[in-house]
Amino acid sequence: VDEADRKSAYGIELAGAATINELFAKFINGEIKRLPWCAHLEEETQVIKTPLAAVCGNGFLTINSQPAINGVSSDHAIYGWGGPGGLVYQKGYAEFFCSPAHLAALKSVLPAHMQYSAVNCKGQFETSAKSKVVAVTWGVFPDQEIKQPTVVDQDSFMVWKDEAFALWLKQWKSLYEEGSASAKLIQEVHDTYHLVTVVDNNFVTGEGELLRVFDLASAKIGKTGSVASG
């Protein structure tokens, strides 16, 4: 992506972490064309974009997510896959950046049926998951074994985090003059934030509960607009 496209999408001067939050929310709402990690919204994310934009505005900066679905036809226009005659399932899932304060708040309200993994740019890792690999999408089809096309894999997550954090600097910080307030802010976010995944293992109740957990965490810490607090 060339510099002009990046600058027009998210290269504004940054007043603080709240401005970064707003840019993520604007991407979810379709008001800007891209972020360093995302060039478009998946169709299934469009279904939850309004509450997801609020999640971003509160400092949980989502770069990947999917809603929970329970036994939807494999012919469904948005969620279907794998051919006719099947039923498909998804666990609610979100991947995002957030400050240490946001992570602490989230952990304090996370119910037992949800699990998280988090890593910072230095590779310091923590997780509540008991397994390294968790299926988040699967399907049941006639005369076939259960298919599991999408998993959350701890080893892949640790490989991906290097690129995910590097994009803050290569694609975003590079738009600003070295030493400027905006460049310093992006560097601080890169240095202090965590990359986090959350999986809701209760796929029966829909995506609402995962979104409510973000609301509870946001209410615990408030929206201060600082990097340290989010």
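The values are calculated or read from the model by the stated rules, or taken from the named source; none is laboratory data. Worth saying up front: this structure is predicted, and the values here are computed from it rather than measured. Cβ coordinates were reconstructed from backbone atoms using ideal geometry, including for glycine residues, and neighbour counts include every protein chain displayed. The accessibility values were calculated without ligands, DNA or RNA, using every heavy atom of the protein model including side chains. Shrake-Rupley method; radii C 1.70, N 1.55, O 1.52, S 1.80 Å.
With modelled with pLDDT under 95 and either closer than 16 Å to residue 37 by Cα or surrounded by fewer than 16 Cβ atoms within 10 Å (Cβ to Cβ) (or both) as the only criterion, which of 144, 124 stands out? Break it down stepwise before answering.
Numbers: 124 fails: modelled with pLDDT under 95.
After applying the criteria, what remains is 144.
For region 68-85, enumerate the residues that are in contact (Cβ under 8 Å) with a residue 40 or more places away in the chain, in contact with a Ser or Thr (Cβ under 8 Å, 6 or more places away or on another chain) and surrounded by 14 or more Cβ atoms within 10 Å (Cβ to Cβ). Full working, then the answer.
In the first step, residues of region 68-85 are kept if they are in contact (Cβ under 8 Å) with a residue 40 or more places away in the chain; the result is 68-70, 74, 81-83, 85.
The next check asks that each one be in contact with a Ser or Thr (Cβ under 8 Å, 6 or more places away or on another chain); those that pass are 68, 81-83, 85.
Selection gives 68, 81, 82.
Does region 109-116 contain at least one residue that is touching a His at 6+ places or on another chain (Cβ under 7 Å), open to solvent by 30 Å² or more (accessible area, probe 1.4 Å), modelled with pLDDT of 95 or more and outside any loop (DSSP other than H, G, I, E, B)? Quick ask: steps written out before the conclusion?
Filtering region 109-116 down to residues touching a His at 6+ places or on another chain (Cβ under 7 Å) leaves none.
No: zero hits.
What's the number of the condition residue 101 fails, among (1) out of contact with any strand residue (DSSP E or B) (no Cβ under 9 Å at 6 or more places or on another chain); (2) open to solvent by 10 Å² or more (accessible area, probe 1.4 Å); (3) without any contact (Cβ under 8 Å) to a residue 60 or more places away in the chain?
Result: residue 101 passes all but (3).
Going through 119, 88 one at a time, which residue ends up being modelled with pLDDT of 95 or more, under 17 Å from the mean Cα position of the chain (by Cα) and crowded, with 19+ Cβ neighbours inside 10 Å?
119
So residue 62 ticks every box in (1) assigned to a loop (DSSP other than H, G, I, E, B); (2) within 23 Å of residue 221 (Cα to Cα); (3) of a type in the set (Val, Ile, Thr) but one. Which box is left unticked?
Unmet for residue 62, out of (1) assigned to a loop (DSSP other than H, G, I, E, B); (2) within 23 Å of residue 221 (Cα to Cα); (3) of a type in the set (Val, Ile, Thr): (1).
For region 148-167, indicate whether the set of residues that are at pLDDT below 95 and in contact with a Phe, Trp or Tyr (Cβ under 6 Å, 6 or more places away or on another chain) is non-empty.
Yes, that holds for at least one residue.
Do any residues in region 34-56 that are of a type in the set (S, T, N, Q) have Cβ atoms under 9 Å from those of residues that are in a helix (DSSP H, G or I) and modelled with pLDDT of 90 or more, where the two are at least six apart or on different chains, and which pairs are they?
That search, which allows pairs on different chains as well, returns 45/28; 45/52; 50/28.
Regarding residue 62, is this residue under 20 Å from residue 167 (Cβ atoms), in contact with a Ser or Thr (Cβ under 7 Å, 6 or more places away or on another chain), in contact (Cβ under 8 Å) with a residue 12 or more places away in the chain and among the polar types (S, T, N, Q)?
Taking the combined requirement at face value, the residue does not satisfy it.
Can you tell me which residue within region 147-176, out of those that are under 30 Å from residue 4 (Cα atoms) and open to solvent by 40 Å² or more (accessible area, probe 1.4 Å), is nearest to the chain's Cα centre (by Cα)?
That would be 160.
List every residue pair whose Cβ atoms sit under 9 Å apart, with the two residues 6 or more apart in sequence or on different chains, where the first one lies in region 126-144 and is among the β-branched types (Val, Ile, Thr) and the second, anywhere, is part of a loop (DSSP other than H, G, I, E, B) and open to solvent by less than 40 Å² (accessible area, probe 1.4 Å).
134/91; 136/91; 137/91; 140/74; 140/86
Among the residues of region 177-212 satisfying the criterion of being modelled with pLDDT under 95 and assigned to a helix (DSSP H, G or I), which is surrounded by the fewest Cβ atoms within 10 Å (Cβ to Cβ)?
204
May I ask you to list the residues in region 1-59 that are of a type in the set (S, T, N, Q), at pLDDT 95 or above and assigned to a loop (DSSP other than H, G, I, E, B)?
58
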